[in-house]
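Right, one structure below, let's go through it.
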Amino acid sequence: MPIHEKSLIRPENLKTHDNLVIDGINVSGHWSTFIEPRVVTDYNESLEDEIAALPGAENIHRCWQCGSCTNSCTINAIEPRFNPRYWIYLIRVGMESELLRDKDIIWQCVSCNKCTYACPRDVMPEGVMKATAHWLELKGYTPKSPAMHFDEEFTEQVVKRGRIEDTEVLRGFFRRTGQPLLQDWLVEVGWRVAKKLPVLWGIKMALAQVFRPRTRGWRRAQAAIEEYIHEQENERREALGLIGATAANDNADVRKPEAAE
Ligand code: SF4
Ligand code: SF4
């Protein structure tokens with residue numbers, strides 16, 4: 001499928017003649033613009049399958065390149081290089097090296113889901129953006145994002161105890177991302193909340209930090225959920241060709257089922 005957006009052509013591939021006259025007609029400058037021909041040989045024929053194996057990208061094969069996602073995109077409005085339609089195209093045709101040129105901006109999706117509502121094919125482009133960012137991390141092309149650290153901390157606490165404690169999620173997130181616990185803005189927020197918080201709530205929150213309660217009868221559910229997660233992650237690693245890879249990257253950490261506490 002052809003791409004019609006001139007902005008997508010890399011500047012180094014655009015050629016013009018500063019002084020070109022053909023049959024007496026001056027076609028210098030942009031009148032003589034042409035695109036450098038190129039041959040792509042490094043296709044990754046599994047790229048679509050790899051990304052479709054990750055949550056959110058299951059419907060990527062439905063895309064018919066209408067561009068509604070990019071037209072409605074919050075980030076594209078301020079960063080024209082953020083182009084979901086184009087990246088979906090690259091993924092579907094297997095142009096991995098081309099996709100990697102934009103690896104440092106794909107994570108910028110803010111999950112507003114305007115693209116999801118605009119898409120006539122139920123591709124769920126927001127999910128594709130998330131899956132693509134996750135794929136980049138799993139493959140070791142980008143470091144694990146703060147959002148991924150947060151999701152992992154959140155999930156780990158839910159799986160372990162069937163509930164979360166906001167303060168503990170925040171603490172875990174700071175620990176994972178190497179941030180200090182005492183930050184000015186956090187102290188300020190904590191102070192303001194504490195002033196309005198009913199005393200009983202404050203005591204409950206403090207006790208939860210010490211005793212770490214779990215949902216009643218959670219142990220059996222925990223074992224089943226952990227087994228399911230383990231299966232799913234192994235399937236994904238297999239789809240990404242990471243099974244058996246010798247430390248392909250530090251980010252490909254698959255959580256193993258833990259013994260119920
Ligand atoms: S969810 Fe992401 S890709 Fe979709 S419109 Fe919002 S910022 Fe753009
Ligand atoms: S709106 Fe949907 S069908 Fe259209 S280009 Fe985007 S993902 Fe593809």
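Pairs meeting the criteria (first residue in the range 215-240 and over 18 Å from Q157 (Cβ atoms), second residue assigned to a helix (DSSP H, G or I), beta carbons under 8 Å, at least 6 apart or on different chains) are R236/L138; R237/L138; A239/D49; A239/E50; L240/E50; L240/W135; L240/L138. Please verify whether H30 is surrounded by fewer than 19 Cβ atoms within 10 Å (Cβ to Cβ) and within 12 Å of ligand 2 (Cβ to nearest atom), treating the condition exactly as stated. Against the criterion (surrounded by fewer than 19 Cβ atoms within 10 Å (Cβ to Cβ) and within 12 Å of ligand 2 (Cβ to nearest atom)), H30 does not qualify. Within the range 106-126, the residues that satisfy the criterion of being near ligand 1 (Cβ under 9 Å from one of its atoms), under 13 Å from the mean Cα position of the chain (by Cα) and part of a helix (DSSP H, G or I) are Q108, P125, E126. Among the residues that make up the range 41-59, is at least one of them of a type in the set (V, I, T), away from ligand 2 (no atom under 13 Å from the Cβ), assigned to a loop (DSSP other than H, G, I, E, B) and not assigned by TED's automatic domain parsing to the domain that holds A118? Among the residues of the range 41-59, at least one is of a type in the set (V, I, T), away from ligand 2 (no atom under 13 Å from the Cβ), assigned to a loop (DSSP other than H, G, I, E, B) and not assigned by TED's automatic domain parsing to the domain that holds A118, which makes the answer yes.
Of all residue pairs spaced 6 or more apart or on separate chains, those with beta-carbon atoms under 8 Å, a first member in the range 58-80 that is more than 19 Å from E48 (Cα to Cα) and a second member that is modelled with pLDDT of 95 or more and away from ligand 1 (no atom under 12 Å from the Cβ) are S68/P120. Among the residues of the range 15-30, just one is touching a Leu at 6+ places or on another chain (Cβ under 8 Å) and assigned to a strand (DSSP E or B), namely N26.
Does the range 136-147 contain at least one residue that is of a type in the set (A, V, I, L, M, F, W, C), within 16 Å of ligand 1 (Cβ to nearest atom) and surrounded by 14 or more Cβ atoms within 10 Å (Cβ to Cβ)? Full working, then the answer.
Kept after step one, since they are of a type in the set (A, V, I, L, M, F, W, C), are these residues of the range 136-147: 136, 138, 147.
Narrowing further to those that are within 16 Å of ligand 1 (Cβ to nearest atom): 136, 147.
After this cut, where a residue has to be surrounded by 14 or more Cβ atoms within 10 Å (Cβ to Cβ) as well, the list is 136, 147.
Within the range 136-147, one or more residues are of a type in the set (A, V, I, L, M, F, W, C), within 16 Å of ligand 1 (Cβ to nearest atom) and surrounded by 14 or more Cβ atoms within 10 Å (Cβ to Cβ).
Selection of the range 87-115 for residues being within 11 Å of ligand 2 (Cβ to nearest atom) and farther than 15 Å from A57 by Cα yields only K114. Residues of the range 150-180 that are surrounded by fewer than 16 Cβ atoms within 10 Å (Cβ to Cβ), outside any helix (DSSP H, G or I) and without any contact (Cβ under 8 Å) to a residue 12 or more places away in the chain: G178, Q179, P180.
When K130 is tested against (1) out of contact with any helix residue (DSSP H, G or I) (no Cβ under 7 Å at 6 or more places or on another chain); (2) more than 16 Å from ligand 1 (Cβ to nearest atom); (3) more than 30 Å from F211 (Cβ to Cβ); (4) not in a loop (DSSP other than H, G, I, E, B), just one condition goes unmet, and that condition is (2).
Filtering the range 63-105 to residues that are more than 20 Å from W135 (Cβ to Cβ), within 13 Å of ligand 1 (Cβ to nearest atom), in contact with a helix residue (DSSP H, G or I) (Cβ under 9 Å, 6 or more places away or on another chain) and assigned to a loop (DSSP other than H, G, I, E, B) leaves G67, T74, N76, E79, P80.
So, K130, is that one crowded, with 17+ Cβ neighbours inside 10 Å and not β-branched (V, I, T) or not?
Values: crowded, with 17+ Cβ neighbours inside 10 Å: yes; not β-branched (V, I, T): yes.
So K130 passes the test.
I229: outside any loop (DSSP other than H, G, I, E, B), among the β-branched types (V, I, T), closer than 30 Å to E50 by Cβ and modelled with pLDDT of 80 or more, yes or no? Yes: the conditions hold for I229.
The values are calculated or read from the model by the stated rules, or taken from the named source; none is laboratory data. Model, not experiment: these values are computed from the prediction. Backbone-built Cβ (ideal geometry, glycine too); neighbour counts: all protein chains shown.
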